[in-house]
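To start, the structure itself, in structure tokens.
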Amino acid sequence: MGSTTSNLLYLITIICFILALRFLSSPTTARRGNWIGAAGMVVAIAVTLAHHGLHIGWRIPVGGAIGAVFGAVGARRVRMTAMPQMVAIFNGVGGGAAALVSLAEFHNLTPAPGHLHGDVSIAIVAAALIGSVSFAGSMVAFAKLQELIRGRPITYPGQQYVNLALFAAILAAGIALVAGAEQQWLMVALILGSLLFGVLFVLPIGGADMPVVISLLNAFTGLATSATGFELQSNVLIVSGMLVGASGTLLTILMGRAMNRSIGNVLFGAFGTVQAGAGTGTAYEGTVRSVSAEDVSIMLSYAHKVVVVPGYGMAVAQAQHAVRELADELEKKGVEVEYAIHPVAGRMPGHMNVLLAEANVPYPALKEMDEINPEFPQTDVALVIGANDVVNPAARNEPGSPIYGMPILNVDQAHQVVVMKRSMATGFAGIDNPLFVDPKTAMLFGDAKESVLKLVTGVKGL
Amino acid sequence: MSHYATLVVELTILVLAVFLGIEVISKVPTLLHTPLMSGTNAIHGIVIVGAMLVAGIAGADTLTGWIGFVAMILAAANVVGGFVVTDRMLEMFKKREPPKERDG
């Protein structure tokens, strides 16, 4: 197949990808959208295989098979709570592939200096740099979410300057490569430097901000992919990569906005403000009231309206099925149950929706923040399951709080609040969430799943 | 077409893709943000085309071949893993019957 025919057929892939993004925007068509995307990918692979200049050999089928098996097994085996990590891994390997394509292309094209067109060398440098940062950054994001390394920001004095100096060195290597110093070692140095930069870039960012980081790195991989298109004069790579680069950037901004933080604050916040905020953060004095599961069961059974506020604690404990069961029991007793979904509850936007959907919670019961907030004053019990920051009234009332200004779920306006939490020193304790010492709040300590199951038994018995 | 004429065409479609990428996802509900991130993650698996092109350069030296081979592994994992994970997420968004009325 000649390149004109291939480019024509690649157009099918491009159309499929655009439709895939469009269909992914609606719950009813999303799954079809994903299949259309996959179909577009199959077309692209088939067209590339049929390209007459391609020497298929053993590397393409064997490499493809190894990667496909790894991808399929990883994606099938992963638990729903670990999905953010999995997205990070698959994103990272994509970035790594883009960097390696650049490395191979550079190695292949430069037997002698002064051989490359300026735009091709710029594309090679850009894809190698961005792809490597995305690979290394994604692996650190994975390690943080998997708790292989601690999720807290890792900082040291002068970190900013180290990162800045490293980035300047990488840029200098890139400029030298583009300017004609087409040395293999310089290319390798650029990739190694970028890998190190990717690690250093993500280390100071806290585990809670990883979704934003993964989204940003996802956009990075898209850009790197697009750049490889300029190396290989491939329109399908340019367009598809850029579609992801653009939509990924928008998604990152939307996620930041949901936390009322700029992307700059998420990425560089640990260097200054957040650190200081955490050190001088207000501790609230007061009595934490602990209650038994039996008491909460009674409270719930005699309520008219209960709003469940799920957070990461529910995801960790895999409590979503138990929560659904509890809601069923309550509905049998005529209690109205709704779910309040904060945009950044859990570790990915939509994380809670995915988990609750897995437990067959019907869509109409899932309410977004703007929809549910006016309903809290008419809510008898707000049941907070493993959420903390997204229900912290300090975000509304305390200008000194590190999360001040973040939109929150106003659970403190409900008649009663039950917070389910793993543990906390009871009695007088200095804590950072005034909700916990609110006289309306009762704390139910223990593993979220066990506690919810106790509630199910309790409600059934009444 | 000369090299630079081609480049101008490439830059044109690049710019159009930027606007299209922003436009096409601007109305996504929060509920679908995770699947969307995962879906776009699968789509940048198109880098597999690049991996195939470098792994399949006729007469390339051994090192280029091996780098291409590793790129193939990574890109294929991105493609297959990306689409399968997205499908698993979306599997849960199947249309369901509205909640049945229960007697109290």
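The values are calculated or read from the model by the stated rules, or taken from the named source; none is laboratory data. Being a predicted model, the structure only gives us computed values, none of them experimental. Cβ atoms come from the backbone with ideal geometry, glycine included; neighbour counts cover every protein chain shown.
Data overview
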item: Residue check, A:Thr252 within 14 Å of another protein chain (Cβ to nearest Cβ), free of Cβ contacts under 8 Å to residues at least 60 places away in the same chain and of a type in the set (S, T, N, Q); result: yes
item: Which listed residue is crowded, with 22+ Cβ neighbours inside 10 Å, touching a helix residue (DSSP H, G or I) at 6+ places or on another chain (Cβ under 7 Å), assigned by TED's automatic domain parsing to the domain that holds A:Gly95 and closer than 30 Å to A:Asp389 by Cβ, from A:Val212, A:Val199; result: A:Val212
item: Filter result (in a loop (DSSP other than H, G, I, E, B) and facing chain B (nearest Cβ under 9 Å)) within the stretch A:35-57; result: A:His51, A:Gly53, A:His55, A:Ile56, A:Gly57
item: Qualifying positions in the stretch A:58-77 - more than 7 Å from chain B (Cβ to nearest Cβ), over 23 Å from the mean Cα position of the chain (by Cα) and either modelled with pLDDT under 95 or closer than 30 Å to A:Gly2 by Cα (or both); result: A:Trp58, A:Pro61, A:Val62, A:Ala65
item: Given (1) under 26 Å from B:Ile57 (Cα atoms); (2) surrounded by 24 or more Cβ atoms within 10 Å (Cβ to Cβ), number of the condition A:Gln233 does not satisfy; result: (2)
item: Selection from the stretch A:11-34 of residues that are of a type in the set (Ser, Thr, Tyr) and at the interface with chain B (Cβ under 8 Å from one of its Cβ atoms); result: A:Thr13, A:Ser25, A:Ser26, A:Thr28
item: Residues being crowded, with 24+ Cβ neighbours inside 10 Å and either more than 9 Å from chain B (Cβ to nearest Cβ) or β-branched (Val, Ile, Thr) (or both) - total across the stretch A:103-120; result: 1
item: Qualifying residue in the stretch A:78-85 (condition: within 24 Å of A:Glu231 (Cβ to Cβ), surrounded by 17 or more Cβ atoms within 10 Å (Cβ to Cβ) and more than 7 Å from every other protein chain (Cβ to nearest Cβ)); result: no
item: Tabulated pairs, the stretch A:171-187, first over 15 Å from A:Ser132 (Cα atoms), second part of a loop (DSSP other than H, G, I, E, B) and among the hydrophobic types (A, V, I, L, M, F, W, C), C-beta under 7 angstrom, 6+ apart or interchain; result: A:Glu182/A:Leu116
item: Members of the stretch B:25-51 that are of a type in the set (A, V, I, L, M, F, W, C) and either closer than 21 Å to A:Ile60 by Cβ or more than 7 Å from chain A (Cβ to nearest Cβ) (or both); result: B:Ala42, B:Ile43, B:Ile46, B:Val47, B:Ile48, B:Val49, B:Ala51
item: Test result for B:Val15, more than 7 Å from every other protein chain (Cβ to nearest Cβ), under 30 Å from A:Leu109 (Cβ atoms) and free of Cβ contacts under 8 Å to residues at least 24 places away in the same chain; result: yes
item: Matching option when the condition is at pLDDT 95 or above and in a helix (DSSP H, G or I), among A:Leu190, A:Leu177, A:Leu164; result: A:Leu190
item: Breaking point among (1) at pLDDT 95 or above; (2) crowded, with 24+ Cβ neighbours inside 10 Å, for A:Ala172; result: (2)
item: Inter-residue pairs, beta-carbon under 7 Å, first more than 7 Å from chain A (Cβ to nearest Cβ) and loosely packed, with under 13 Cβ neighbours inside 10 Å and in the stretch B:54-65, second assigned to a helix (DSSP H, G or I) and hydroxyl-bearing (Ser, Thr, Tyr), 6+ apart; result: none
